Amino acid sequence: MSNVERCPTTFAAPRVARREGYRPLALTLALAAALVAAWQVFAGPRLPGLATHPARFDGAVHWIAPGVGPFYAHGDVGRADLVVVGDSRAYDDIELETLAGGGFGRVARVWGPNADLVDLLPSIRDAGPSAVLIVASPSLFGADYDPLMTVLLQRSPPALERLSLENGLRRWKSEERARLFADGPPAGDPARGDYEQKVDLLVEVWAKRLADTVRRDGWSTKEVDRVLNEWVDRRRALALATFTTQKWHQQWAEPIRVDYLAPHTTKMLNTRDAAQRAATRARFVDAARALETAGIRLAAVRAPISPSVLAAEREFVADEDLRMLFTELGVPYFEHQELALPVRDGSHLTWRASIEYTRLVATHLCELGWTRP
Amino acid sequence: MSFDTVTFALFFALAFAAWRWLPFSAAKSVVLVGSLVFYAWWSVWYLPLIVLSAFIDFAVGKRIHAAVGERAKRSWLLVSLSTNLGLLATFKYATFFLDNVSALLTWLGLGGLAASFSSTVPWVVPVGISFYTFQTLSYSLDIYRGRLAPATSFRDFGLFVAFFPQLVAGPIVRAQELLPQFERRQTPTPWRVQHGLYMVLWGLFAKMVIADNLGPEVDRIFKLGAAGTIPPATMWLGLVYSGCQVFADFGGYSAIAIGLASLMGLRFPANFVYPYLSRSPSEFWVRWHITLSTWIRDYIYMPLGGNRKGEARAYFNSVVTMTLAGLWHGAAWTYVLWGFYHGVGVAVERLARRISGARRDRRWPREAPRGVGSLLWRVVGILLCNVFIHTSWTFFRAPDLAATGRMLHLLYIAPFEQGLGLAQAFAQPRYLLVALPVFLMHFVRALREWTGWKERPWHRVVAAAVMVLLLLVVRRGDVQDFVYFQF
């Protein structure tokens with residue numbers, strides 16, 4: 001007796017009488033439409049909107065040189081007309097798809113969550129876009145980000161073969177864990193447990209990004225899947241009030257945490273003294289001038305942040321310092337740091353706010369004549 | 001190409017249109033080519049493997065059927081066995097084998113020699129290799145046993161091996177179930193279409209809403225559990241989440257496969273029947289991954305002698321069969337141990353029945369409990385069986401045996417040393433809500449099995465509409481490949 005006969009089907013479905021035809025399907029669609037409408041009316045206003053972007057690729061990993069980087073790239077930087085560069089605000093506050101619809105030609109982004117922008121600019125010059133938009137912040141004068149990441153950056157990841165990608169990643173993960181564990185607090189130290197967890201998390205995140213980079217660098221069907229999924233996902237998130245279970249409490253019950261990153265900002269900027277900032281500034285001026293010499297147009301924006309984060313930043317870098325920097329370079333600079341848009345953690349805009357803000361930035365770029373025929 | 005992608009939706013629309021409206025012969029050719037494209041979407045380099053496996057088994061099947069004499073038949077069967085098992089040994093188990101040889105040589109003090117057995121092989125396990133090799137193996141074995149006539153058309157046989165709904169993660173459909181359905185077009189009735197749509201919807205809901213949202217939390221808890229740094233209650237909760245995740249993930253995949261086949265007018269065997277309602281290890285394997293458990297029963301357990309060669313041999317056969325089933329899941333000692341654990345569970349259950357004189361209740365569906373005592377006994381049985389099953393997820397998920405040991409310590413010893421830590425475990429109950437549909441569907445099924453309560457069409461209408469809503473508004477956690485792709 002085959003198992004088909006021995007067991008019922010997974011869902012022993014009620015037989016629909018022949019005369020029923022497709023009525024159950026029609027009723028299902030009607031009821032689903034009613035539920036979605038009710039959701040939009042009753043639950044939609046209670047959700048503060050997506051704090052973070054809908055499922056989005058974090059970007060292919062690029063090292064400028066061993067230990068310099070990493071930066072993450074979205075889009076084809078080598079063929080882009082306009083490249084957006086900066087720290088995490090370039091990632092969170094500029095919505096690439098919105099910007100791409102602004103008529104600026106092909107758009108790409110390179111951002112570094114743990115690296116100085118000044119290190120990136122020579123590579124951007126080599127890529128040869130016609131324009132670069134700098135998302136400026138005090139970290140432009142240098143900052144130390146995450147000490148553990150800094151340890152991690154001492155060794156660039158190897159090139160990984162596509163066919164044996166999983167094996168290569170497994171080996172890389174095991175070697176990196178061992179190396180980072182050896183560099184951490186000794187066994188028995190109370191901080192050891194937290195350290196190991198953080199290492200595991202970082203290594204996992206990195207392994208995923210390495211895999212994405214390898215797949216992206218060669219033609220990959222995964223890339224096709226990703227692009228299509230993101231396209232649909234973005235439209236769903238624009239049309240409906242959606243939520244994630246991982247941020248459930250935050251999205252339903254907590255207000256947006258406007259002060260969350262203020263202490264981190266202080267900690268991050270406090271690691272460089274005035275002399276170090278001056279040196280980084282001088283390097284930045286040289287790198288920006290090299291871009292201009294190569295015929296690349298530059299503009300800069302300062303994205304909206306919360307008052308507490310702004311106050312933390314002003315302790316180390318005055319608004320005037322950034323203004324003077326771009327004036328000295330002759331680069332158009334648009335200051336929006338006090339613009340009242342929803343920030344999810346004090347330092348980064350919510351997804352919907354980032355769309356609104358990108359439209360504002362696009363307007364400025366149009367005024368500069370950056371649109372392409 | 002995974003079922004939960006937009007790419008697949010577009011692919012299926014084309015495949016469905018071809019299957020439905022092209023002349024049937026052309027439709028089969030188009031769907032066969034489409035199935036190979038579907039497989040090559042993961043890696044085009046592994047396409048020759050499945051084609052080779054299919055070609056050899058098709059040719060060998062004819063030879064076995066035509067051969068005169070047992071010896072000739074057996075020789076041709078050996079060709080099929082060595083091809084399919086050789087593919088598995090090379091592509092799935094080579095790393096495991098080399099690692100263990102290397103470890104053994106190191107243990108023997110031959111470190112220099114051990115280095116030459118480096119496990120870095122230049123390939124990864126081809127997606128779905130365990131599923132399609134088992135399908136083609138069963139084809140050859142059934143012809144050898146005289147239970148099946150060989151396929152006459154290579155196209156039909158190729159379609160049986162590579163048919164995209166079941167290609168990479170099952171259900172493992174036998175040739176005698178699927179090949180006859182390729183003989184003439186099955187016109188889908190409104191019931192079959194709606195049943196198919198419902199199954200696809202449930203599968204997507206299970207994967208995208210339940211499994212992918214539980215996944216990050218399960219990973220977090222298991223990672224901390226492997227380090228032994230969480231309270232016991234959190235580890236237990238992690239096991240429950242893990243059970244729900246793997247069921248939603250794999251059960252979801254099977255449901256989508258069954259639903260897609262149903263939309264195309266075909267019928268696939270059930271693969272999951274509310275497994276967490278089981279009251280014993282053997283019942284669990286009648287409800288969980290049914291097409292694999294029946295496969296190993298028919299092609300490993302029975303040839304070993306089953307329960308026909310005495311009690312002791314039956315225990316031995318159960319343990320060996322389940323251990324091999326564990327190894328089928330993955331090339332690691334944790335999987336071997338997982339299978340062994342289930343084998344011991346089945347053997348102990350058999351022994352207990354023999355001692356107590358109780359007979360296994362083979363009636364299906366189960367009859368209603370007779371009185372409160374019977375109901376309580378049944379509930380206790382389900383709870384105990386779930387403790388057994390969920391404990392096994394530690395082997396299934398742990399990175400290594402040492403981590404398994406730490407997790408088992410957390411589950412069974414730490415509660416007596418440090419307490420359960422219930423408050424911490426239930427501080428964030430949101431994941432219980434994510435897992436709720438799995439509890440609910442089992443509860444409703446129990447009501448149906450025990451009270452004779454009938455499902456009505458409008459029940460499905462409401463359930464489907466709610467699933468559509470949740471699929472639209474709940475965003476996924478980290479998008480993860482289907483768990484069983486790795487097998």
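Here, P(r) means the percent of Cα pairs in each 5 Å bin from 0 to the largest distance; for region B:370-414 it is 5, 21, 19, 17, 11, 9, 8, 6, 3, 0.
With 32 Å as the limit, the listed pairs A:LYS267/B:LYS223; B:LYS92/B:LYS223; B:LYS62/B:LYS207; A:LYS247/B:LYS223 have B:LYS62/B:LYS207 beyond it between alpha carbons. Charged side chains reduced to their Cβ positions (Lys and Arg at +1, Asp and Glu at -1) give chain B a dipole of some 1600 debye around its Cα centre. Taking every C-alpha pair closer than 8 Å and separated by at least 6 residues, the mean separation divided by the residue count of chain B gives a relative contact order of 18 percent.
Taking amide H atoms as placed 1.01 Å from N in the peptide plane, the amide H of A:PHE334 lies under 5 Å from those of A:ALA300, A:VAL301, A:ARG302, each 5 or more residues away in sequence or on another chain. Separation of region B:256-289 from region A:61-134 is 49 Å, based on Cα centroids. With the charge dipole of region B:282-429 set up from +1 on Lys and Arg Cβ and -1 on Asp and Glu Cβ about the Cα centre, the Cα lying farthest toward the positive end among the listed residues B:SER392, B:THR334, B:GLY305 is that of B:GLY305.
Given the rule -39500 (n - 2.57) for each run of at least 4 DSSP H residues, summed and divided by the residues of the protein assembly as shown, what is its mean residue ellipticity at 222 nm, to the nearest 500 deg cm²/dmol?
Computed ellipticity for the protein assembly as shown at 222 nm equals -19000 deg cm²/dmol.
How much of the calculated P(r) for chain B lies past 29 Å, in percent of all Cα pairs? Summing the P(r) tail past 29 Å for chain B gives 55 percent.
Stretched out straight at 0.36 nm per residue, the stretch from B:THR106 to B:GLU417 would grow longer than its current Cα-Cα span by 108.2 nm. For the protein assembly as shown, a crude dipole built from +1 on the beta carbon of Lys and Arg and -1 on the beta carbon of Asp and Glu, taken about the Cα centre, is about 4600 debye to the nearest 20. Database remark: amide H of A:ARG106 closer than 5 angstrom to the amide H of A:ASP81, A:LEU82 (H placed geometrically; neighbours at sequence offset of 5 or more, or on other chains; Pro and chain starts carry no H).
Taking +1 at the Cβ of each Lys and Arg and -1 at the Cβ of each Asp and Glu, which of B:PHE55, B:ALA149, B:TRP45 sits farthest along the dipole of region B:6-185 towards its positive end, judged by Cα position relative to the Cα centre? So the residue we want is B:ALA149. The mean sequence separation of alpha-carbon pairs under 8 Å and at least six residues apart, normalised by the residue count of region B:6-185, gives a relative contact order of 29 percent. When a/c is below 1.5 the answer is rounded, else prolate if a/b is larger than b/c, else oblate, so apply that to region B:6-185 with a ≥ b ≥ c taken from the square roots of the Cα gyration tensor eigenvalues. Since a/c reaches 1.5 but b/c is at least a/b, the shape of region B:6-185 is classed as oblate.
Model label sites at A:ASP194 and A:ARG106, defined 7 Å from Cα along the beta-carbon direction, differ in position by 4.6 nm.
Given +1 at the Cβ of Lys and Arg, -1 at the Cβ of Asp and Glu and no other charges, the dipole of region B:6-185 around its Cα centre is 540 debye to the nearest 20. Pull out a ≥ b ≥ c, the square roots of the eigenvalues of the alpha-carbon gyration tensor of the protein assembly as shown, then state rounded if a/c is under 1.5, prolate if not and a/b is larger than b/c, and oblate in the remaining case. Note, shape of the protein assembly as shown comes out prolate. Classify region B:209-268: rounded, prolate or oblate, from the alpha-carbon gyration tensor (a ≥ b ≥ c, eigenvalue square roots; a/c under 1.5 rounded; otherwise prolate if a/b is larger than b/c)? Here region B:209-268 falls in the prolate category. Modelled this way, with points 7 Å down the Cα-to-C-beta line, the labels at B:LEU440 and B:VAL348 are 3.5 nm from one another. Here's the picture: charge each Lys and Arg Cβ at +1 and each Asp and Glu Cβ at -1 in the protein assembly as shown, and of A:PRO307, A:GLY188, B:SER293 the one pushed furthest to the positive end of that dipole is B:SER293. From least to most packed, judged by other beta carbons within 10 angstrom and beginning with the fewest, B:TYR46, A:TYR91 follow the order B:TYR46, A:TYR91. Just flag the trypsin sites (Lys or Arg not before Pro) in region B:237-333 sitting in loop per DSSP whose Cβ has no more than 10 other Cβ atoms within 10 Å. Those satisfying the criteria are B:ARG308.
With neighbour counts taken as other beta-carbon atoms within 10 Å, the residues B:TYR301, B:TYR93 rank, fewest first, as B:TYR93, B:TYR301.
Across region B:398-408, computed HN-Hα scalar couplings (Karplus, 6.51 cos²θ - 1.76 cosθ + 1.60, θ = phi - 60°) run 5, x, 7, 5, 4, 5, 4, x, 5, 5, 5 Hz from first to last residue, x flagging Gly and Pro.
No lab work stands behind these numbers, since they all come straight from the coordinates. All values derive from a computational prediction rather than experimental measurement. Cβ atoms come from the backbone with ideal geometry, glycine included; neighbour counts cover every protein chain shown.
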